[in-house]
1. Considering C375, C420, C349, which residue is surrounded by 14 or more Cβ atoms within 10 Å (Cβ to Cβ), assigned to a strand (DSSP E or B) and at pLDDT 50 or above?
2. Can you find even one residue in segment 255-271 that is within 30 Å of T313 (Cβ to Cβ) and free of Cβ contacts under 8 Å to residues at least 40 places away in the same chain?
3. Please verify whether D167 is surrounded by fewer than 17 Cβ atoms within 10 Å (Cβ to Cβ), touching a residue at least 60 places away in the same chain (Cβ under 8 Å), of a type in the set (D, E) and in the same structural domain as G115 (by TED's automatic domain parsing), treating the condition exactly as stated.
4. Taking segment 88-124 on its own, how many of its residues are of a type in the set (A, V, I, L, M, F, W, C), assigned to a loop (DSSP other than H, G, I, E, B) and without any contact (Cβ under 8 Å) to a residue 24 or more places away in the chain?
5. I need the strands (runs of 3 or more DSSP E) fully contained in segment 227-310, keeping only those with at least 3 residues that are modelled with pLDDT of 90 or more and within 18 Å of V418 (Cβ to Cβ).
6. Under the condition of being acidic (D, E) and touching a Gly at 6+ places or on another chain (Cβ under 7 Å), which residue from segment 181-216 is modelled with the highest pLDDT?
7. Does segment 174-193 contain at least one residue that is closer than 25 Å to V319 by Cβ and either touching a residue at least 60 places away in the same chain (Cβ under 8 Å) or surrounded by 16 or more Cβ atoms within 10 Å (Cβ to Cβ) (or both)?
8. Here is a list: V276, V297. Which entry is without any contact (Cβ under 8 Å) to a residue 24 or more places away in the chain, over 30 Å from T188 (Cα atoms) and surrounded by fewer than 19 Cβ atoms within 10 Å (Cβ to Cβ)?
Amino acid sequence: MKREIMHRSRTKAVVSVLSGLGLVAMLLMGALSAQAATPPEPTYASANVDGNYGEWDLVNDFFADMYRAADPTKKVESKLYVRYDCETETLYVLVLAVDGVTVLPEPDNAFVKLGNAITLVNGNSGDDGTPPDFAWVMSNDDYIGFEASASLAPGSYNNLNVHVNVDDGGSQTSAVADRAILLDLLCTAEPDICVEKTALDNNVDPPVTLHYEYQVCNPGEVPLSNVDVTDDTCDNVQYVSGDTSPANGKLDPGETWLYTCEFLFEGPSLPGICVVNEVTAEGQYNGQTVDDTHYAVVHCYSPPEGGIQILKTVDLEHVCPGQTLIYRYEVTNLGDVPLYNITVNDDTCSPLDGPSGDSNHNNRLDPAETWIYTCRYTVTGGEPNPLENRVIASGDVMDDGQVVDTVTDRDPAIVQIVPCPQVAVEFVPEPGTAVLLASGLAGVAGYASLKWGRRPKS
């Protein structure tokens, strides 16, 4: 199944705070509300219950505050983060104490329940890799929270009860509001997969070994199992990296896995495009298979005609809509007579800047001389993918003031258009200003950067 991937442009706002707190507070609170999670639905992803919460996103996965004695009018002493894997019907919970508070390692008082009667997991559940699982989270020698998993069928629950005892100037209970909050495990999100293929070689002269790189991503909101990547020409596709958050053998939402492949291309060598091949990536979720395809092209080397040669390079192999590519063109006279009336035309990028390199300023491309041109092109997202464009250079051979021959050369460049990074909002206060946070006023002695990123939820 081929499909067109719609790429969202990256949005990045940078606000420099020059004076006053009102504008900062308004913008900051607006950003927080725009980027916060949307309970009662959790993030649809998995986690490792091992006491290391590095795979958790403390913005996207935030679910609820936990108050002293479960009373919303009292202080927040810990935070609740929730994920759910619809495929395995597993609920994942992370509880972290707020700054200045530690967790008391009391197994009976660290739990996830439905109401007060049904215990899903607690500190006595152990950690054998099968739900229910439990692991304390520590920082140095301090207990600061716990991770847990439990089996729970999809549905809507109005009595999620998460609790831990903390040390906050003495032993205190910390729990979700009224020990019963809403939890919707809807599992209505559709799985999705995307693949981008890049040929790392171009202008080849066979026989030659061709190298390919594949980026397989999950733009959906549910993890994919049994990910398979096949190339219709290159049959030894190898996984390289990417399964990191967590390393669970699943292509989680927002993850990108890298694969490579190489094969010996023996010809024939034809001017222009001589190898076109396609990759297919597949993944599964709840018995449903999703796939995506992408092709790459490799050009065979064409000897320059009559002594002129142009070599075209680009500064990026992958680009997302809104980014700017910088093309560089090197035009060289390989012959033994000067060339006049040099023209360089790119079928996509214009105008070109240059040339530089006419060292004797005679406006002729002398033998062995190289002129340099550049061009900047901003990708819109509406271009064919991969973005392939060609440049043509030409020059005239003159005799007694008359054009007796015109020589030309061509060279392509290929760039893969990929999805942009997730939306980010960045605030950069000036030195000496103050930022109004939810917890009060915080003086900023130097530049501070606060960033939020969020996957959209259905």
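1. Details: C420 fails: assigned to a strand (DSSP E or B); C349 fails: assigned to a strand (DSSP E or B).
Step by step, each of C375, C420, C349 is checked, and only C375 is surrounded by 14 or more Cβ atoms within 10 Å (Cβ to Cβ), assigned to a strand (DSSP E or B) and at pLDDT 50 or above.
2. From segment 255-271, those within 30 Å of T313 (Cβ to Cβ) are 256-271; that's our starting set.
Remaining after also requiring free of Cβ contacts under 8 Å to residues at least 40 places away in the same chain: 270-271.
Within segment 255-271 (the criterion being within 30 Å of T313 (Cβ to Cβ) and free of Cβ contacts under 8 Å to residues at least 40 places away in the same chain), the answer is yes, since at least one residue qualifies.
3. Working: surrounded by fewer than 17 Cβ atoms within 10 Å (Cβ to Cβ): yes; touching a residue at least 60 places away in the same chain (Cβ under 8 Å): yes; of a type in the set (D, E): yes; in the same structural domain as G115 (by TED's automatic domain parsing): yes.
Spelling it out, D167 is indeed surrounded by fewer than 17 Cβ atoms within 10 Å (Cβ to Cβ), touching a residue at least 60 places away in the same chain (Cβ under 8 Å), of a type in the set (D, E) and in the same structural domain as G115 (by TED's automatic domain parsing).
4. Start the filter on segment 88-124 by keeping residues that are of a type in the set (A, V, I, L, M, F, W, C), which leaves 91, 93-98, 101, 103-104, 110-112, 114, 117-118, 120-121.
After this cut, where a residue has to be assigned to a loop (DSSP other than H, G, I, E, B) as well, the list is 98, 101, 104, 110, 117.
Filter again for without any contact (Cβ under 8 Å) to a residue 24 or more places away in the chain, leaving 98, 117.
The qualifying residues number 2.
5. Values: elements: 238-241, 256-265, 272-285, 288-300.
Filter on segment 227-310 gives 256-265, 272-285, 288-300.
6. Restricting attention to segment 181-216, the residues satisfying the condition of being acidic (D, E) are 184, 190, 192, 196, 201, 205, 213.
With the extra rule that they be touching a Gly at 6+ places or on another chain (Cβ under 7 Å), the set shrinks to 190, 192.
Working: E190: 85, D192: 94.
Step by step, filter segment 181-216, then rank; the result is D192.
7. Within segment 174-193, the first condition is being closer than 25 Å to V319 by Cβ, and the residues that meet it are 192-193.
Keeping just the survivors that are either touching a residue at least 60 places away in the same chain (Cβ under 8 Å) or surrounded by 16 or more Cβ atoms within 10 Å (Cβ to Cβ) (or both) gives 192-193.
Yes: one or more hits.
8. On the way: V297 fails: without any contact (Cβ under 8 Å) to a residue 24 or more places away in the chain.
Of the residues listed, the single one that is without any contact (Cβ under 8 Å) to a residue 24 or more places away in the chain, over 30 Å from T188 (Cα atoms) and surrounded by fewer than 19 Cβ atoms within 10 Å (Cβ to Cβ) is V276.
The values are calculated or read from the model by the stated rules, or taken from the named source; none is laboratory data. The structure displayed is predicted, hence computed values, not measured ones. Here the Cβ is made from the backbone with ideal geometry for all residues, glycine too, and neighbour counts use every protein chain on show.
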